[in-house]
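The values are calculated or read from the model by the stated rules, or taken from the named source; none is laboratory data. These numbers come from a predicted model, not from an experiment. For neighbour counting, all protein chains shown are included, and Cβ atoms are generated from backbone atoms with ideal geometry for every residue, glycine included. The protein model used for the area step is the full one, side chains on, heavy atoms only, and it has no ligands, DNA or RNA in it. Shrake-Rupley method; radii C 1.70, N 1.55, O 1.52, S 1.80 Å.
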Amino acid sequence: MGTALVYHEDMTATRLLWDDPECEIERPERLTAALDRLRQRGLEQRCLRLSAREASEEELGLVHSPEYVSLVRETQVLGKEELQALSGQFDAIYFHPSTFHCARLAAGAGLQLVDAVLTGAVQNGLALVRPPGHHSQRAAANGFCVFNNVAIAAAHAKQKHGLHRILVVDWDVHHGQGIQYLFEDDPSSGCSLGCPARSGWETLTTWLPSCTCCSHWPLSALESIRSARAAQAPHWKSLQLQDVTAVPMSPSSHSPEGRPPPLLPGGPVCKAAASAPSSLLDQPCLCPAPSVRTAVALTAPDITLVLPPDVIQQEGSALREETEAWARPHESLAREEALTALGKLLYLLDGMLDGQVNSGIAATPASAAAATLDVAVRRGLSHGAQRLLCVALGQLDRPPDLAHDGRSLWLNIRGKEAAALSMFHVSTPLPVMTGGFLSCILGLVLPLAYGFQPDLVLVALGPGHGLQGPHAALLAAMLRGLAGGRVLALLEEDSTPQLAGILARVLNGEAPPSLGPSSVASPEDVQALMYLRGQLEPQWKMLQCHPHLVA
């Protein structure tokens with residue numbers, strides 16, 4: 001089972017004790033609406049439902065003082081006036097006689113989820129609970145939070161399951177506060193995203209940018225990011241490879257004088273496609289929920305793959321006449337084996353475009369890889385895809401007659417040199433070190449991809465792509481967050497046994513395998529990344545923030 005869902009239906013702790021507009025946030029309709037949305041999307045049915053339980057007082061004591069736990073327990077027998085008086089001692093807290101029970105259920109739900117994940121019953125999960133927890137402290141309720149559910153879950157994971165390092169990402173418009181205070185002396189946990197950094201150790205705090213992925217970065221957000229990075233740089237090698245003061249501070253693509261910013265010396269000028277309507281880059285695309293999550297289309301019947309039970313091996317193929325029509329412009333597709341592979345790919349691609357299949361893997365002979373990818377791009381754009389992202393690895397050049405109209409973004413990794421040939425055509429050599437590969441993905445590929453907002457993603461591993469299985473799996477997993485997960489991986493037949501199985505599992509929702517020991521990005525990798533960002537930054541708003549380099 002991939003994902004668990006745990007929630008408790010007793011929401012009496014969130015009922016209003018008196019008419020107070022500030023308490024509106026605690027209405028249980030918020031959780032009910034979230035559950036309804038999950039059901040409408042068919043997501044609840046695809047999850048394993050876990051039963052919530054009350055956290056014991058001993059478990060609450062992992063982070064809260066005995067006196068505070070006792071204080072909350074006593075609210076069960078208090079009258080309305082006493083509850084009002086007690087609530088007034090804390091900031092934005094409204095106690096009810098059922099608060100203790102429901103707050104224990106909320107904390108216990110998180111513990112149930114931690115146990116399920118760490119015992120291997122599920123891979124990941126979602127605890128959908130009220131009251132929340134991240135603002136509450138060792139001996140104080142705060143911000144509608146009674147017991148710190150996340151902190152209790154982290155402490156439980158360390159105590160019961162022996163974990164040594166836990167990442168807590170507290171995403172909120174407020175300061176990390178409760179979680180930060182509970183863990184600021186513990187180097188094994190931390191990462192709180194909230195207000196500007198106030199300390200320089202494990203907990204990173206910064207203002208969250210209040211913008212969509214295609215909006216300008218707010219100036220205050222960039223300033224806060226720069227401040228947080230500067231505070232953290234002495235403690236993290238991954239932040240020491242760059243000048244943390246060099247953050248672009250203008251959210252505009254022009255200088256204060258109104259002139260375009262200068263490009264790096266000797267580099268090509270990026271030609272923004274004037275024909276690309278802004279609506280293409282500003283409107284997100286929604287994809288229908290598929291009936292099949294992942295399909296694999298192979299041409300060699302003797303290949304045996306170990307696949308998850310809900311991944312299907314596709315047997316269908318496009319009509320022969322249609323396949324031949326698409327293959328006709330390409331000499332390399334004239335051979336029977338290439339034509340057969342193309343028919344299977346077209347059939348799979350149509351299923352994805354029609355919403356019957358979410359993601360897929362197709363194989364092609366190495367000699368026909370470039371032609372097959374060209375057909376896949378054109379087929380996608382002509383059969384429903386409004387914006388198509390192609391990440392081509394290896395010897396796969398962009399078709400010269402493919403229009404620069406903003407409907408396709410071509411990223412070639414393992415190109416001959418770092419070059420931004422246009423706003424929608426970028427080429428970079430494949431980094432030689434793991435740190436360089438991660439920096440390329442995090443600092444270039446993902447910002448461009450999320451700024452482009454494709455509704456179909458093609459990942460092509462062509463001749464000489466040079467990727468190891470774990471690296472290819474990580475790339476596919478990161479791109480899975482785009483286009484509603486509509487990702488098609490195109491592989492050479494020779495590499496299918498090594499890569500198809502791992503990619504099928506990742507596209508189907510499993511976590512990618514570990515990359516092993518990390519390594520610092522090489523100076524050449526850093527130079528290529530910074531060069532490309534400098535060329536593309538004026539046209540791509542998602543690049544108008546500091547790059548992410550990995551050590």
Filtered residues of the range 115-131 (kept if part of a helix (DSSP H, G or I) and either farther than 15 Å from SER51 by Cβ or touching a Gly at 6+ places or on another chain (Cβ under 9 Å) (or both)): ALA116, VAL117, LEU118
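Out of ALA392, ALA366, ALA418, which single residue is open to solvent by 20 Å² or more (accessible area, probe 1.4 Å) and closer than 26 Å to ASP494 by Cα? Break it down into steps so the answer makes sense when it comes.
Values: ALA392 fails: open to solvent by 20 Å² or more (accessible area, probe 1.4 Å); ALA418 fails: closer than 26 Å to ASP494 by Cα.
Going through ALA392, ALA366, ALA418 in turn, the sole match is ALA366.
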Those residues of the range 32-89 which are assigned to a helix (DSSP H, G or I), among the polar types (S, T, N, Q) and under 22 Å from GLN123 (Cα atoms), in sequence order: GLN45
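Mind checking which residues of the range 398-416 are under 24 Å from ALA473 (Cα atoms) and at pLDDT below 90? Can you show your working first?
Residues of the range 398-416 under 24 Å from ALA473 (Cα atoms): 398, 408-416.
Within the range 398-416, ARG414, GLY415, LYS416 qualify.
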Where a residue in the range 510-525 is of a type in the set (Val, Ile, Thr) and its partner, wherever it lies, is open to solvent by 70 Å² or more (accessible area, probe 1.4 Å), with Cβ under 8 Å and at least six apart: VAL520/LYS237; VAL520/MET433
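Which one of LEU333, LEU349, LEU353 is within 26 Å of LEU409 (Cα to Cα), in contact with a Phe, Trp or Tyr (Cβ under 9 Å, 6 or more places away or on another chain), at pLDDT 90 or above and crowded, with 17+ Cβ neighbours inside 10 Å?
Working: LEU349 fails: in contact with a Phe, Trp or Tyr (Cβ under 9 Å, 6 or more places away or on another chain); LEU353 fails: in contact with a Phe, Trp or Tyr (Cβ under 9 Å, 6 or more places away or on another chain).
Result of the check over LEU333, LEU349, LEU353: LEU333.
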Hits in the range 528-548 (condition: at pLDDT 90 or above and part of a helix (DSSP H, G or I)): ALA528, LEU529, MET530, TYR531, LEU532, ARG533, GLY534, GLN535, LEU536
Scan of the range 40-60 for residues that are open to solvent by 90 Å² or more (accessible area, probe 1.4 Å) and either over 25 Å from GLY178 (Cβ atoms) or touching a Lys or Arg at 6+ places or on another chain (Cβ under 7 Å) (or both), ordered by number: GLN40, ARG41, GLN45, ARG46, ARG49
Meets criteria (in contact with a Lys or Arg (Cβ under 9 Å, 6 or more places away or on another chain), in contact (Cβ under 8 Å) with a residue 40 or more places away in the chain and surrounded by 19 or more Cβ atoms within 10 Å (Cβ to Cβ)) for ALA460: no
Selected residue (only one of GLN84, GLN89 is free of Cβ contacts under 8 Å to residues at least 40 places away in the same chain, more than 39 Å from the chain's Cα centre (by Cα) and closer than 19 Å to ALA139 by Cα): GLN89
Positions within the range 291-318 being within 32 Å of the chain's Cα centre (by Cα), open to solvent by 40 Å² or more (accessible area, probe 1.4 Å) and at pLDDT 80 or above, in sequence order: ARG293, ILE312, GLN313, GLU315
Search result, residues across the range 425-454 that are at pLDDT 90 or above, β-branched (Val, Ile, Thr) and not in a helix (DSSP H, G or I): VAL426, THR428
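Listed here are the residues, each with its yes/no results for (1) polar (S, T, N, Q); (2) in contact with a Lys or Arg (Cβ under 9 Å, 6 or more places away or on another chain); (3) modelled with pLDDT of 95 or more; (4) farther than 15 Å from SER56 by Cα.
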site: PHE100; (1), (2), (3), (4): no, yes, yes, no
site: ARG104; (1), (2), (3), (4): no, yes, yes, no
site: VAL122; (1), (2), (3), (4): no, no, no, yes
site: ALA140; (1), (2), (3), (4): no, no, yes, yes
site: CYS145; (1), (2), (3), (4): no, no, no, yes
site: LEU163; (1), (2), (3), (4): no, no, no, yes
site: TRP171; (1), (2), (3), (4): no, no, no, yes
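Which of the residues spanning the range 61-81 are within 41 Å of the chain's Cα centre (by Cα) and surrounded by 14 or more Cβ atoms within 10 Å (Cβ to Cβ)?
From the range 61-81, those within 41 Å of the chain's Cα centre (by Cα) are 61-73, 75; that's our starting set.
GLY61, LEU62, VAL63, HIS64, SER65, TYR68, VAL69, LEU71, VAL72, ARG73, THR75 - these are the residues of the range 61-81 that are within 41 Å of the chain's Cα centre (by Cα) and surrounded by 14 or more Cβ atoms within 10 Å (Cβ to Cβ).
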Verdict on GLY481 being among the small types (Gly, Ala, Ser) and in contact with a Ser or Thr (Cβ under 8 Å, 6 or more places away or on another chain): no
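Just a yes or no: is a residue in the range 399-406 touching a Lys or Arg at 6+ places or on another chain (Cβ under 9 Å), among the hydrophobic types (A, V, I, L, M, F, W, C) and within 18 Å of MET542 (Cα to Cα)?
Step one: list which residues in the range 399-406 are touching a Lys or Arg at 6+ places or on another chain (Cβ under 9 Å), which gives 399, 402, 404, 406.
Filter once more, keeping what is among the hydrophobic types (A, V, I, L, M, F, W, C): 402.
Retained after the next criterion (residues that are within 18 Å of MET542 (Cα to Cα)): none.
No, the range 399-406 has no match at all.
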